[in-house]
Amino acid sequence: MSLDLILRIGTKLILPFILLFALYVQFHGEYGPGGGFQAGVITAGMVILFAITFGLRAAKRIAPQALVERMVPLGVLIFAGTGVLGLLLGHNYLDYGPLAHDPAHGRVLGIFLVEAGVLVTVSGTMTALFYAFAERGR
Amino acid sequence: MTTVLPHLPALQVVIPLLGAVLCALLRRPAPAFGLALAVSWLMPVIAAALLWQVIQGGPISYHMGGWAPPWGIEYRVDLLNGFVLLLVAAVGAAIMPFAWHSVGFEIDEGRRAWFYCMYLLCLAGLLGIAITGDAFNAFVFLEISSLSSYVLIALGRDRRALLASFQYLVMGTIGATFYVIGVGFLYLLTGSLNMVDIAQRLGPAWAEHPRAIVAALAFVSAGVGLKLALFPLHVWLPNAYAHAPSWVTVFLSATATKVAIYLLIRFYFSIFGVAIAFDTLPIAQIVIALSIAAMVIASLIAVFESDVKRMLAYSSVAQIGYITLGIGLANQAGLTGGLVHVFNHAVMKAALFLAIGAVFYRAGTVNLAELSGIGRKMPVTLAVFTIAGFGLVGTPGTAGFISKWYLALGALDQGWWVLVLVIVGSSLIAMVYVGRVLEIAWLREPTPAIARASDPPLPMLLPILLLGAATIYFGIDTQWSAGIAEASAQALLGGLR
Amino acid sequence: MQAFRLVVEYYNYFVTIFLMVAGLYVVIARGNMIKKLVGLAIFQTSVYLLYITPGKILGGTAPILDPAFKVYSNPLPHVLILTAIVVGVATLALGLALVARINEAYGSIEEDETFERDREA
């Protein structure tokens, strides 16, 4: 596999900015357009771009398949677990109010945790899908 | 106990959901099975507690996230869906021990943990459809259960399982999309997604926009009709049931279509109400005509099937016809018959498919021609198959008789004695296809191919015996099955308003 | 003139119905499974439009409370459709995965050819 110089350097240059942008979208999600879904897809896009330029094996070194496949349920666990936290604190399921002293703060914290869970699941799912399809037909 | 009790509606759905996630994290078959078993056995306890609360103190309302309805999502348990919840949970719990050997036989080691994950996800979806009081939330749960059941079906060993799953995916998605279009119309008309709230606002809306309500009703009927395999929309069902892994067929036949039927009943009787759906619009005539077609045509097709699983699948389409007949009759006895048949058919079909699953486990085939004399090799299994088969026919003393009795009463109440003849005629056809299997299984000499078959190990045998016993029990003691169905029918015909 | 007004006023609904019928037609009329999935996706997309359209209130702004504004668009349809989009994507992904497996098992993704191969076998 011969690697084009511009592609290789260009990819390496752009990767950190993709991740940075993903994090921006993630943390901006409560106030404006953005959130876990978009950030998750952008993060997965980073891995996929890396895999396209440097090959699947190199991508699996930085994002191992086992990790990616575990990220999918892990994220769901995080955001379903956030709902259970409300339950454990004596309120209804998905009630984030009791997570902090002020219910409004609690809700912000709850949404933050849920978005984090979404980020983990979506980026994991997208990468796992890419791995699964890229391996087909070999 | 007092701290857990108010949160049972949420736990009913959240526990299987978390169980599914943990199964995916465990990734090894044995712990995943243990978890699935624990969750499955916990579910009927919760469902029974809910139903008990409803019987004691009327409908329960649970506000997700503390947001009051109609703005927030409400989980609402009344007699009808308490009954459905208990049915789904109890069937899941009863058949779970069967899964270990059956799934071990039919599914690759690496996929078993995912299998249990998908099963729990499907369970969570089905329980969610039954428990939610929000029309759009029901769509989300419908898709959760459907997507996981596509995966479960595609895990069948035959490559035709893939085709069956794809066919089901296309038709199921069309069905779910139709449903969501119908709900969209209702939302535009009433500005609400809460089922109770929609029901209250539909009456005034009928005066202004009757055409839009008819469109909503049509879309919901067609969409849910696809999911419950109402005749001519049943095409996906025989293939899906025939090629899915044995245990999946048991689970889906006993629960998935039943929950879709619940949704249809909920929309017809609680949301649109008898006044709109039955008094003004010809829903009854349409549903009864399709039901009769299902009862006769699907039964006839079943007679000519050579694959026992496929035969039973067509029989399911016919039996769903009985249930929808009860819905179409829309009177006390008829609706009771339909509801009690939801329960009885789930029990009997689960017993039949379990027995056939055990046959496949031992003999490696479900082709009728290769099963001659199997009854002498697997006497206990086939004895239960015989009992449940008689139940399907509607022999007195089995659960099937009770449902048909109520349906016939309902038909007579409407003065349609021809319907009684159709019910009897369809039962006679059922006798033919059940009789074919029984004749080959009991009366013929065993072939060398099945010489080494014997009754399955105890974890598989116990669920079969349990459901066989239930077929007889609910044919004699009808206090629980028909009693609750009767009370729900009464409440439904009275309407939510 | 009357007809023109109708088309302009209900422009979005005309598009919705066109997409709905076109998508459903593709699902029914095409034997190629990928095309079927494309049709299915178009069909689902039409529903997104059906929900989103009435959510927009003329002259309304984004539903973020601010003393300067009185009229807001309805945010609920967007939330619902966000969920529906996720469901649609999951369905599409699962469908494509199934088609990939079918292609490996049968060597074809034409519906009639796969049926034929089963009949031969």
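Against the definition (hydrophobic (A, V, I, L, M, F, W, C) and more than 12 Å from the chain's Cα centre (by Cα)), how does A:Ile62 come out, yes or no? Write out each step before concluding.
Numbers: hydrophobic (A, V, I, L, M, F, W, C): yes; more than 12 Å from the chain's Cα centre (by Cα): yes.
Against the criterion (hydrophobic (A, V, I, L, M, F, W, C) and more than 12 Å from the chain's Cα centre (by Cα)), A:Ile62 qualifies.
Filtering B:Ile283, B:Ile292, B:Ile320 for residues that are in contact with a Leu (Cβ under 9 Å, 6 or more places away or on another chain) and at pLDDT below 90 leaves a single hit, B:Ile283.
Based on what the data block shows, is A:Arg107 on the phi < 0 side of the Ramachandran plot and in contact with a Phe, Trp or Tyr (Cβ under 6 Å, 6 or more places away or on another chain)? Here the answer is yes, as A:Arg107 does meet what is asked.
Under 25 Å from the mean Cα position of the chain (by Cα) and without any contact (Cβ under 8 Å) to a residue 24 or more places away in the chain: does that describe B:Gly57? When the stated conditions are applied, B:Gly57 does not pass them. Every listed requirement among (1) touching a strand residue (DSSP E or B) at 6+ places or on another chain (Cβ under 9 Å); (2) within 30 Å of C:Ser73 (Cα to Cα) is met by B:Ala242 save one, (2).
Scanning region B:17-29 for residues that are at pLDDT 90 or above and either in contact with a strand residue (DSSP E or B) (Cβ under 6 Å, 6 or more places away or on another chain) or away from every other protein chain (no Cβ under 11 Å) (or both) yields a count of 0.
Looking at region B:131-142, is at least one residue part of a helix (DSSP H, G or I) and facing another protein chain (nearest Cβ under 7 Å)? Reasoning before the result, please.
Just the residues of region B:131-142 that are part of a helix (DSSP H, G or I), to begin with: B:131, B:135-142.
Those still in the list that are facing another protein chain (nearest Cβ under 7 Å) too: B:136, B:140.
Yes, region B:131-142 has at least one match.
For region B:375-398, the tally of residues that are touching a residue at least 60 places away in the same chain (Cβ under 8 Å) and not in a helix (DSSP H, G or I) stands at 4. You will find that of B:Ala383, B:Ala399, B:Ala441, B:Ala369, the residue that is surrounded by 16 or more Cβ atoms within 10 Å (Cβ to Cβ) and either over 14 Å from B:Thr471 (Cβ atoms) or touching a Cys at 6+ places or on another chain (Cβ under 8 Å) (or both) is B:Ala441 and no other.
Helices (runs of 4 or more DSSP H) wholly in region B:286-374 with at least 3 residues that are small (Gly, Ala, Ser) - which ones? Lay out the reasoning, then the answer.
Working: elements: B:299-303, B:308-329, B:332-363.
In region B:286-374, the matching helices (runs of 4 or more DSSP H) lie at B:308-329, B:332-363.
For region B:245-262, the criterion of being under 22 Å from B:Leu409 (Cα atoms), assigned to a helix (DSSP H, G or I) and in contact (Cβ under 8 Å) with a residue 40 or more places away in the chain is met by at least one residue. Evaluation of A:Phe79 against the conditions (1) touching a His at 6+ places or on another chain (Cβ under 8 Å); (2) among the aromatic types (Phe, Trp, Tyr); (3) part of a helix (DSSP H, G or I) shows that the sole unmet condition is (1). B:Gly82 passes every criterion in (1) within 14 Å of chain A (Cβ to nearest Cβ); (2) of a type outside the set (A, V, I, L, M, F, W, C); (3) part of a helix (DSSP H, G or I) apart from (1).
Based on what the data block shows, is C:Gly95 on the phi > 0 side of the Ramachandran plot and either at pLDDT 90 or above or more than 9 Å from chain B (Cβ to nearest Cβ) (or both)? In short, no. Scanning region B:89-130 for residues that are free of Cβ contacts under 8 Å to residues at least 24 places away in the same chain and part of a helix (DSSP H, G or I) yields B:Gly110, B:Gly125. For A:Gly86, the conditions (1) over 26 Å from B:Gly110 (Cα atoms); (2) small (Gly, Ala, Ser); (3) within 10 Å of chain B (Cβ to nearest Cβ); (4) without any contact (Cβ under 8 Å) to a residue 24 or more places away in the chain all hold with the exception of (4). Counting the residues of region B:144-192 that are facing chain C (nearest Cβ under 8 Å) and either more than 23 Å from the chain's Cα centre (by Cα) or within 13 Å of B:Ala240 (Cα to Cα) (or both) gives 15.
Out of C:Val47, C:Val27, C:Val38, C:Val89, report the one residue that is farther than 26 Å from B:Leu163 by Cβ and either free of Cβ contacts under 8 Å to residues at least 40 places away in the same chain or not basic (Lys, Arg) (or both).
Working: C:Val27 fails: farther than 26 Å from B:Leu163 by Cβ; C:Val38 fails: farther than 26 Å from B:Leu163 by Cβ; C:Val89 fails: farther than 26 Å from B:Leu163 by Cβ.
Being farther than 26 Å from B:Leu163 by Cβ and either free of Cβ contacts under 8 Å to residues at least 40 places away in the same chain or not basic (Lys, Arg) (or both) holds for just one of C:Val47, C:Val27, C:Val38, C:Val89, which is C:Val47.
Picking from C:Val15, C:Val7, which residue would you name as being surrounded by fewer than 16 Cβ atoms within 10 Å (Cβ to Cβ), at pLDDT 90 or above, part of a helix (DSSP H, G or I) and of a type outside the set (Gly, Ala, Ser)? Steps first, answer last, please.
Details: C:Val7 fails: at pLDDT 90 or above.
Sole residue among the options that is surrounded by fewer than 16 Cβ atoms within 10 Å (Cβ to Cβ), at pLDDT 90 or above, part of a helix (DSSP H, G or I) and of a type outside the set (Gly, Ala, Ser): C:Val15.
Only one residue in A:Met71, A:Met46, A:Met126 is crowded, with 20+ Cβ neighbours inside 10 Å, within 14 Å of chain B (Cβ to nearest Cβ) and among the hydrophobic types (A, V, I, L, M, F, W, C), so which one is that? One residue alone meets the criteria, A:Met71. The residues on offer are A:Ala58, A:Ala63, A:Ala100, and the sole one that is away from every other protein chain (no Cβ under 14 Å), over 23 Å from B:Ile15 (Cα atoms) and in contact (Cβ under 8 Å) with a residue 24 or more places away in the chain is A:Ala63. Can you find even one residue in region B:82-101 that is farther than 24 Å from B:Arg27 by Cβ and in contact with a strand residue (DSSP E or B) (Cβ under 9 Å, 6 or more places away or on another chain)? Yes, region B:82-101 has at least one match.
Out of region B:1-41, which residues are of a type in the set (A, V, I, L, M, F, W, C), over 20 Å from B:Val103 (Cβ atoms) and part of a helix (DSSP H, G or I)? Break it down stepwise before answering.
The initial filter retains those residues of region B:1-41 that are of a type in the set (A, V, I, L, M, F, W, C), namely B:1, B:4-5, B:8, B:10-11, B:13-15, B:17-18, B:20-26, B:30, B:32-33, B:35-39, B:41.
Adding the requirement that they be over 20 Å from B:Val103 (Cβ atoms) leaves B:1, B:4-5, B:8, B:10-11, B:13-15, B:17-18.
B:Leu5, B:Leu8, B:Ala10, B:Leu11, B:Val13, B:Val14, B:Ile15, B:Leu17, B:Leu18 - these are the residues of region B:1-41 that are of a type in the set (A, V, I, L, M, F, W, C), over 20 Å from B:Val103 (Cβ atoms) and part of a helix (DSSP H, G or I).
So, B:Val434, is that one buried (at least 21 other Cβ atoms within 10 Å of the Cβ) and farther than 16 Å from B:Ile323 by Cα or not? It is true that B:Val434 is buried (at least 21 other Cβ atoms within 10 Å of the Cβ) and farther than 16 Å from B:Ile323 by Cα.
The values are calculated or read from the model by the stated rules, or taken from the named source; none is laboratory data. Here the structure is a predicted model, which means the values were calculated and not measured. Ideal geometry is used to build each Cβ from the backbone, glycine not excepted, and the neighbour counts take in all protein chains shown.
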